[in-house]
Amino acid sequence: MSRKSKIDPIVKVKIVEQYLDGEIGLGQASKNLGVACQSIRKWISIYQCNGPTGLLNQPKNKSYSKALKISAVNDYL
């Protein structure tokens, strides 16, 4: 099952770029879109790490191989 955001990725990128350029504040961006400030902060973080493509809708959740999962558990233990 794919995850679909209620906010268009193009709008997310536009809002994040406006915020980073100082054109709009976090509170105003949040109010304009009707989302929590924390969501905007998360988008900003994703944008800074992965660029605009990081805000595109992901086609599906990530899946990991059984071997990788077992390795991670063993490393933790």
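The values are calculated or read from the model by the stated rules, or taken from the named source; none is laboratory data. Nothing here was measured: the structure is a model prediction, and the numbers come from that model. Neighbour counts are summed over all protein chains in view; Cβ atoms, including those assigned to glycine, are modelled from backbone coordinates with ideal geometry.
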* To do: Determine the pairs where a residue that is within 15 Å of Ile10 (Cβ to Cβ) and in contact (Cβ under 8 Å) with a residue 24 or more places away in the chain, located within the range 36-59, has a partner that is part of a helix (DSSP H, G or I) and of a type in the set (Lys, Arg) with Cβ atoms under 7 Å apart, the partner being 6 or more residues away or on another chain.
  => Trp43/Lys12; Leu55/Lys12
* Asked: With respect to Gly27, is the statement that it is on the phi > 0 side of the Ramachandran plot and either at pLDDT 90 or above or out of contact with any Leu (no Cβ under 6 Å at 6 or more places or on another chain) (or both) true?
  -> no
